[in-house]
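What follows is a short report on a single structure.
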Amino acid sequence: MDASSDVPQLWVALTPEQWNALDTGALPDENSGRFGLRTTAAEALDRAQFFMDWTKEGPKNQYPHSVFTVCQVHLTTLGYVKKMEGNVLQKMDKPGEYRWWGALKREESDEQGRLLFRVSESAAEIM
């Protein structure tokens, strides 16, 4: 993997359904349409839990912290640039916050076979 210091270390927290769908493309929560990637695992977990439970009518209380799988999204420098240019990855004004628009796959390469990113295979399940 690319170890460039210019590429942030990003974390995402996934529901069991999202984790199982990574090979074909996990979908974000239906209300925001995006994943909240963070520079710490704890912040990624807090973001995912809040957004997965939120509805216009109030929280569903369906997703406690314990159901999420927290994993790192390893971006290469090329992947970071391509995802930012393609408006898939968006850096927010608040430090440590990023948005990933649309589906998230386990890994992705470009048309020339160069790795863009990989979601870590070893994940930390928060109990």
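Can you tell me how many residues in region 36-83 are of a type in the set (S, T, N, Q) and modelled with pLDDT under 75?
4
A quick yes/no check of all residues on (1) at pLDDT below 95; (2) under 14 Å from the mean Cα position of the chain (by Cα); (3) buried (at least 16 other Cβ atoms within 10 Å of the Cβ):
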{"position": "GLU30", "(1), (2), (3)": "yes, no, no"}
{"position": "GLU111", "(1), (2), (3)": "no, no, no"}
{"position": "LEU115", "(1), (2), (3)": "no, no, yes"}
{"position": "ARG118", "(1), (2), (3)": "no, yes, yes"}
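The values are calculated or read from the model by the stated rules, or taken from the named source; none is laboratory data. This is a predicted model, so every value here is computed, not measured. Positions of Cβ are backbone-derived with ideal geometry, glycine not excepted, and every protein chain shown enters the neighbour counts.
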